[in-house]
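Read the structure below first, then the notes.
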Ligand SMILES: N[C@@H](CCC(=O)N[C@@H](CS)C(=O)NCC(=O)O)C(=O)O
């Protein structure tokens, strides 16, 4: 059976939401990142950097959240978690998925874990301040995009895997001085996400406490 290795609320949540949206059969495997079993040889055999997520399916072992998501969508041929081939929104879907992963995700990680790239307290504070500015500007861009098309979901009227990714990242800004949910378009959009049963199931299965965003 398909198995998703996860840690509650981490980027593995995006894949978890998508699996729930599709309705695949799977099991969850909790990786206790605090106790370091992710550095155990058995976990490192799945992911050499000891990170989540990892997806196992039929002998396949896959890491990198966007690769996992694109694979899940392939398994889900015909369903509507990405625009159809030939639709002008398809390249936009790729653009935003990659942008979320390489840009917003990366800057949120710097903000939340400056100790991973800087040693002294002063250097960490500087990294955090720069990351905060970038994250604010990037959530402002998301806000503008939602306002520009006025649709229900990030690509407009098509609900897609990009929404699961964006929601997961927006959660991480809960404790920031300008959380994503404080912006008018984003706030309403995130509430629409919370109203989705698949999003609710994934949060409850990961025992994430309220408020979710
Ligand atoms: N580019 C990777 C990043 C994975 C990643 O950084 N995972 C974090 C959680 S969001 C992790 O496992 N951190 C644990 C650690 O650093 O020990 C992806 O998108 O899958």
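So the values come out like this:
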item: Per-region count, the range 30-54, residues modelled with pLDDT of 90 or more, within 11 Å of the ligand (Cβ to nearest atom) and surrounded by 16 or more Cβ atoms within 10 Å (Cβ to Cβ); result: 8
item: Filtered residues of the range 1-27 (kept if touching a residue at least 40 places away in the same chain (Cβ under 8 Å) and part of a strand (DSSP E or B)); result: 2, 3, 4, 5, 6
item: Residue match in the range 172-180 (condition: in a helix (DSSP H, G or I), more than 16 Å from the chain's Cα centre (by Cα) and within 16 Å of the ligand (Cβ to nearest atom)); result: no
item: Residues within the range 146-171 that are in contact (Cβ under 8 Å) with a residue 24 or more places away in the chain and either in a helix (DSSP H, G or I) or closer than 22 Å to residue 8 by Cβ (or both), tallied; result: 13
item: Qualifying residue in the range 126-143 (condition: touching a residue at least 24 places away in the same chain (Cβ under 8 Å) and either within 13 Å of the ligand (Cβ to nearest atom) or in the same structural domain as residue 14 (by TED's automatic domain parsing) (or both)); result: no
item: Single residue of the range 98-119 satisfying the filter (surrounded by 13 or more Cβ atoms within 10 Å (Cβ to Cβ) and not in a helix (DSSP H, G or I)) that is nearest to the ligand (Cβ to nearest atom); result: 113
item: Tabulated pairs, the range 105-118, first without any contact (Cβ under 8 Å) to a residue 12 or more places away in the chain, second crowded, with 16+ Cβ neighbours inside 10 Å and assigned to a helix (DSSP H, G or I), C-beta under 8 angstrom, 6+ apart or interchain; result: 115/124; 116/109; 116/110; 117/110; 117/127; 118/124; 118/127
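Matching residues to (1) over 23 Å from residue 25 (Cα atoms); (2) without any contact (Cβ under 8 Å) to a residue 12 or more places away in the chain; (3) part of a loop (DSSP other than H, G, I, E, B):
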{"site": "43", "(1), (2), (3)": "no, no, no"}
{"site": "48", "(1), (2), (3)": "yes, yes, yes"}
{"site": "55", "(1), (2), (3)": "no, no, no"}
{"site": "66", "(1), (2), (3)": "no, no, no"}
{"site": "69", "(1), (2), (3)": "no, no, no"}
{"site": "84", "(1), (2), (3)": "yes, yes, yes"}
{"site": "92", "(1), (2), (3)": "yes, no, no"}
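The values are calculated or read from the model by the stated rules, or taken from the named source; none is laboratory data. All of these numbers come straight from a predicted model, not from anything done at the bench. So basically every Cβ, Gly included, is an ideal-geometry build from the backbone, and we count neighbours across all protein chains shown.
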